Every structure is written in C-alpha cells, then in structure tokens.
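Trainee: Structure provided below as structure tokens; questions to follow.
The values are calculated or read from the model by the stated rules, or taken from the named source; none is laboratory data. Owing to the predicted nature of the structure, the values given are computational and were not obtained by experimental measurement. FYI the Cβ positions are ideal-geometry reconstructions off the backbone, even for glycines, and counts take in every protein chain you see. In case anyone asks, the SASA skips ligands and DNA or RNA and just uses the protein heavy atoms, side chains included. Shrake-Rupley method; radii C 1.70, N 1.55, O 1.52, S 1.80 Å.
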Amino acid sequence: MNKGDPVDGPDGPMGSPFAPPIKRSVTIAGHQTAISLEPIFWDALRLAAQRTQLPINALIAQIDVMRMAAADPPNLASAIRCWLFAAARPIDNNHSQ
C-alpha cells in the first residue's frame, strides 16, 4: 500500500483527510502527465467520474479544457480541486457574485 492511500483504521475507510498527496500518471489530450492529489481528492474524482459516466482521464481532460479557458489558468491539480469543490456545492439561485 502506498503512503497516503486510504486505509481502514481510526480515520475511517477513506483514511485521514490530511493524508499527503499521491502522484499518479494520467493521459489527457494524447499525452501523459503526472498529477499529485491528496487521497480524498482522488476518491472524489473517482466518484465524480462514476456519476458522469466518464473514465477519470476523460473527466480530467474536460477539467483541463475548462481551466485553459480561464484568464489566468491555475495548475491542473488546483483546477481539479476547485472543480470538485464547485461540483460538491449546492446550487444557490439566489446568490450571485
């Protein structure tokens, strides 16, 4: 088991929410890239991919396209975290920025 991988134990089945990042290789736009995310974000990304019925690489590719359209694109790992946070928030039609 890799350090930081989810384990059953006192922190529950998902491991500590403060576990260190895990680096994984993914293929997007036909090339491989390494992304470092904490296990809690890998788990959330896996669930989001299941909900959207997309492979994780395809979901990451979609997030990458959205991030590149930003005026000042963040790095890919930051974009994934922000996308996951935004996707988890309830829609509030009464609140505007």
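Trainee: Can you pull out every residue in segment 14-23 that is exposed (fewer than 14 other Cβ atoms within 10 Å of the Cβ) and not in a loop (DSSP other than H, G, I, E, B)?
Mentor: 23, the sole residue that qualifies.
Trainee: Any chance segment 75-84 includes a residue that's at pLDDT 95 or above, in a loop (DSSP other than H, G, I, E, B), under 25 Å from residue 22 (Cα atoms) and polar (S, T, N, Q)?
Mentor: Scanning segment 75-84 turns up at least one residue that is at pLDDT 95 or above, in a loop (DSSP other than H, G, I, E, B), under 25 Å from residue 22 (Cα atoms) and polar (S, T, N, Q).
Trainee: Residue 70 versus (1) outside any loop (DSSP other than H, G, I, E, B); (2) surrounded by fewer than 16 Cβ atoms within 10 Å (Cβ to Cβ): which is the lone unmet condition?
Mentor: Going through (1) outside any loop (DSSP other than H, G, I, E, B); (2) surrounded by fewer than 16 Cβ atoms within 10 Å (Cβ to Cβ) one by one, residue 70 breaks only (1).
Trainee: Among the numbered conditions (1) within 19 Å of residue 32 (Cβ to Cβ); (2) in contact (Cβ under 8 Å) with a residue 40 or more places away in the chain, tell me where residue 84 comes up short.
Mentor: (1)
Trainee: Further question on the same structure: Looking for whichever is of a type outside the set (Lys, Arg) and open to solvent by 20 Å² or more (accessible area, probe 1.4 Å) here; the options are 35, 28, 60, 40. Which one fits? Before you say what the answer is, go through the steps one by one.
Mentor: Values: 35 fails: open to solvent by 20 Å² or more (accessible area, probe 1.4 Å); 28 fails: open to solvent by 20 Å² or more (accessible area, probe 1.4 Å); 60 fails: open to solvent by 20 Å² or more (accessible area, probe 1.4 Å).
Matching residue, one of 35, 28, 60, 40: 40.
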